[in-house]
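Worksheet for the structure shown next.
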């Protein structure tokens with residue numbers, strides 16, 4: 001039976017999540033590990049989440065035993081979307097049954113809640129979950145590319161430098177790959193992050209903003225990492241001419257910080273960039289799948 005989550009369910013949901021984390025540990029690139037006290041602190045976090053305005057939590061209750069749960073929370077921005085952060089089932093074999101039933105229930109309730117899309121994160125190694133998402137109509141929309149930084153670099157590669165205040169005046173007009181607008185300026189580089197600019201051939205031809213990445217709730221980092229957002233390129237810039245240099249710059253930055261991982265955001269609408277990342281030895285450990293919620297015809 002699918003029903004709304006209650007505070008009395010939180011420990012059982014945390015137990016399901018802990019079991020899934022133990023199964024996932026050690027598969028694929030090791031970015032984080034289950035936290036030692038995560039199982040005990042997790043119910044407190046879940047309680048805060050289900051009490052947050054705009055959040056919907058559902059469980060699959062089989063005669064008092066929970067076999068799955070899904071908690072959908074609104075994103076940080078103003079988009080009418082739910083991100084299904086806490087989505088667990090009793091065993092991988094139940095993604096096709098319990099998991100799909102929970103997603104269908106969320107999608108049904110999204111219509112009345114004014115939600116336009118559902119977003120579900122999924123580790124690449126979770127093949128059963130990924131297959132279920134695809135069969136349920138979700139599309140793999142975003143992911144992160146990952147690799148180790150490699151040998152320590154003593155200097156940035158030619159053409160790559162740090163982002164400075166003077167770059168702001170021209171960067172407002174930059175557009176990302178596939179013509180998607182991206183607005184970068186010095187005000188978008190908060191404390192704790194860094195930005196690299198490629199300007200060897202054309203002044204301010206490309207920029208990458210990077211910062212720390214944090215593990216999901218209940219995990220601890222396996223080493224530190226540098227996460228770069230989507231690259232912004234000036235119109236007419238040859239992606240294959242500048243991205244390898246920016247990647248080398250990110251690896252230089254990561255080694256100078258002592259990071260264990262370099263991650264770069266990628267997505268389905270920029271296959272050219274993703275191909276360059278794959279060719280540079282970046283794997284894809286984590287994806288976000290998206291479903292546009294269908295509304296009944298009026």
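Where a number appears in this text, it was derived from the coordinates with a stated rule and is not lab data. What you are looking at is a predicted structure, and each value in this text was computed from that prediction instead of being measured. Cβ placement follows ideal geometry from the backbone for every residue including glycine, while neighbour counts extend to all protein chains displayed.
A few points about this structure:
- Calculated FRET efficiency, residue 260 to residue 41, Cβ-Cβ distance, R0 = 30 Å: about 0.80 to the nearest 0.05.
- Theoretical FRET efficiency, 1/(1+(r/R0)^6), r = Cβ-Cβ of residue 272 and residue 1, R0 35 Å, to 0.05: 0.15
- Cα convex hull volume per residue for segment 59-153 (Å³): 144 Å³
- With 5 Å bins from 0: P(r) over segment 2-137, alpha-carbon pairs, percent: 2, 10, 20, 23, 22, 16, 6, 1, 0
- Spin-label pair residue 48/residue 148, simplified geometry with 7 Å Cα→Cβ offset, distance in nm: 3.5 nm
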